[in-house]
């Protein structure tokens, strides 16, 4: 089966624009440290030679700064301060031990070999390395402060956006369920059932009431068990079968015992089921068959792709909005696309054991990492 495409990334990487500070401060550091350590005799050189030496020291300072910055950028996303503070400290100590000290020693030793300046003694070299390490620690602290502030700000904005999306999802669900055409068709179907099949009419009323109750019950919840979503979707299937005269079918292949071990945002399956009904052509002779199955950590919802001859008016943002909810809540994107003759949506699931903490804290930590 062809792998469905992934929605475009929303890009959460934090970038600190520090080119000009590095460019301007590196020459100052390249002048201060050699003179502070006392291993360059300014009276020994002419203006041109002295300039060349300080250009070299500027190169040393810029190289040490740039190297540490790149190493921290490479590994920063792997260790979040709020979850693994000791790993962040270990990262700083590791870069100092494995990069800053050897690189500073090597570059200054090379300068001593090229210049043959007698002022470059071992004690002064050690002093210069100690001062360099202290500056690296200070600059790293400034970077971490900036990143923590950016993480906090992004966390706050993401939570606000998540809350708006959750409220919008609830509103969309309520609007969908109280749509005048939906109510008219439902009541008309109910009237016919009362006259012909009273027992089925009772099931229809119970499913309709349970659908409204589920929307209300999940209000304010970030995640719900997959078993609850499947039970709600089954009630929606009953309504769809009656509404469309048995031309809509649902094949649920998810084990209920396994479904209790997984979570997902509420009303996701209902939205995907309604999308399939809304955008595909079907009738009693060629019914719409929606299949649901679990594959590893994903839930797969698929149906035969048969676009309506006259497309239903739509903003086209439903799957994109759902994808953003998944990224914020579960931490993984939604995948969708056409595979063969079927339209396939892969919904990421969160294991119940990993979501015991409050939803807000979990979302914040996922974003910060």
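The combined condition, being touching a residue at least 12 places away in the same chain (Cβ under 8 Å) and closer than 16 Å to residue 236 by Cβ, is fulfilled by residue 276. Which of the residues belonging to region 279-288 are farther than 21 Å from residue 325 by Cβ and surrounded by 14 or more Cβ atoms within 10 Å (Cβ to Cβ)? Passing the criteria: 280, 282, 287, 288. For region 229-261, a tally of residues being under 19 Å from residue 351 (Cβ atoms) and touching a residue at least 12 places away in the same chain (Cβ under 8 Å) returns 9.
Among the listed residues 270, 261, 236, identify the single one that is closer than 24 Å to residue 296 by Cα and either out of contact with any strand residue (DSSP E or B) (no Cβ under 7 Å at 6 or more places or on another chain) or not assigned by TED's automatic domain parsing to the domain that holds residue 288 (or both). Every option except 270 fails the conditions. Being surrounded by 18 or more Cβ atoms within 10 Å (Cβ to Cβ), within 21 Å of residue 306 (Cβ to Cβ) and in contact (Cβ under 8 Å) with a residue 12 or more places away in the chain holds for only one residue in 264, 193, 226, 269, and it is 269. Scanning region 332-339 turns up one or more residues that are touching a residue at least 40 places away in the same chain (Cβ under 8 Å), at negative phi, under 23 Å from the mean Cα position of the chain (by Cα) and in a strand (DSSP E or B).
One residue alone among 257, 310, 276 is at pLDDT below 95 and crowded, with 21+ Cβ neighbours inside 10 Å, and that residue is 276. Against the condition loosely packed, with under 14 Cβ neighbours inside 10 Å, at pLDDT below 75 and in the same structural domain as residue 111 (by TED's automatic domain parsing), how does residue 16 come out, does it pass? So residue 16 fits the description; yes. When you look at residue 154, is it under 16 Å from the mean Cα position of the chain (by Cα), at pLDDT 65 or above and in a helix (DSSP H, G or I), yes or no? Against the criterion (under 16 Å from the mean Cα position of the chain (by Cα), at pLDDT 65 or above and in a helix (DSSP H, G or I)), residue 154 qualifies. For region 289-307, the candidate set comprises residues that are in contact with a helix residue (DSSP H, G or I) (Cβ under 8 Å, 6 or more places away or on another chain) and under 24 Å from residue 256 (Cβ atoms); within that set, the residue that is surrounded by the most Cβ atoms within 10 Å (Cβ to Cβ) is 303. If we scan region 179-189, do we find a residue that is in the same structural domain as residue 289 (by TED's automatic domain parsing), buried (at least 17 other Cβ atoms within 10 Å of the Cβ), at negative phi and at pLDDT below 75? The answer is yes, given that some residue of region 179-189 is in the same structural domain as residue 289 (by TED's automatic domain parsing), buried (at least 17 other Cβ atoms within 10 Å of the Cβ), at negative phi and at pLDDT below 75. If you check residue 213 against the conditions, is it closer than 19 Å to residue 265 by Cβ, at pLDDT 80 or above and part of a helix (DSSP H, G or I)? Yes, satisfied.
The values are calculated or read from the model by the stated rules, or taken from the named source; none is laboratory data. Bear in mind that the values here come from a model prediction, so they are computed numbers and not experimental data. Cβ sites come from the backbone with ideal geometry, for glycine too, and all protein chains shown count toward neighbours.
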